[in-house]
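Some notes on the structure that comes next.
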């Protein structure tokens with residue numbers, strides 16, 4: 001399913017539970033994506049060429065993959081206890097205007113973070129040696145990003 005050129009107020013778990021296949025949002029303005037505590041999101045989820053005012057993905061497990069490509073995201077993102085993905089996660093070509101915090105995420109499958117701008121940084125590679133350091137069972141591909149990628153204690 002593809003949703004294009006829409007202005008969307010809210011995407012939450014109730015919205016996604018009605019979807020039985022992969023869903024892609026293209027060229028949309030999205031006010032709020034609130035998936036806090038959604039845990040297992042079983043559909044493949046893709047956001048491409050969107051403006052996202054508020055992205056909340058704390059405790060989301062994107063089982064069948066997650067693509068965040070060529071978007072502008074306006075808020076602080078707090079991604080705690082995430083990962084647990086059986087399919088790859090791709091974060092590519094985005095502009096993150098605020099901090100993107102990965103905290104205690106366990107990526108079971110590949111995560112690719114390429115060609116992004118992290119204006120206020122991220123800790124995807126930070127917090128080395130801490131109990132909440134992110135883990136990557138099948139590695140990661142992190143290349144050609146702008147901004148600090150190894151912030152600590154955030």
Considering only the stretch 84-97, I want to know if a residue exists there that is more than 26 Å from residue 6 (Cα to Cα) and touching a strand residue (DSSP E or B) at 6+ places or on another chain (Cβ under 6 Å). yes
Between 4, 46, which is surrounded by fewer than 13 Cβ atoms within 10 Å (Cβ to Cβ) and at pLDDT 95 or above? 4
Limited to the stretch 102-154, what total is found for residues that are under 18 Å from residue 58 (Cβ atoms), assigned to a strand (DSSP E or B) and modelled with pLDDT under 95? 6
Picked from the stretch 9-32 (must be over 15 Å from residue 72 (Cα atoms) and part of a strand (DSSP E or B)), the residue farthest from the chain's Cα centre (by Cα) is 9
Quick check: anything in the stretch 54-65 farther than 21 Å from residue 109 by Cα and outside any loop (DSSP other than H, G, I, E, B)? yes
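The values are calculated or read from the model by the stated rules, or taken from the named source; none is laboratory data. If you're wondering where the values come from, they're calculated on a predicted model, not measured in any experiment. Backbone-built Cβ (ideal geometry, glycine too); neighbour counts: all protein chains shown.
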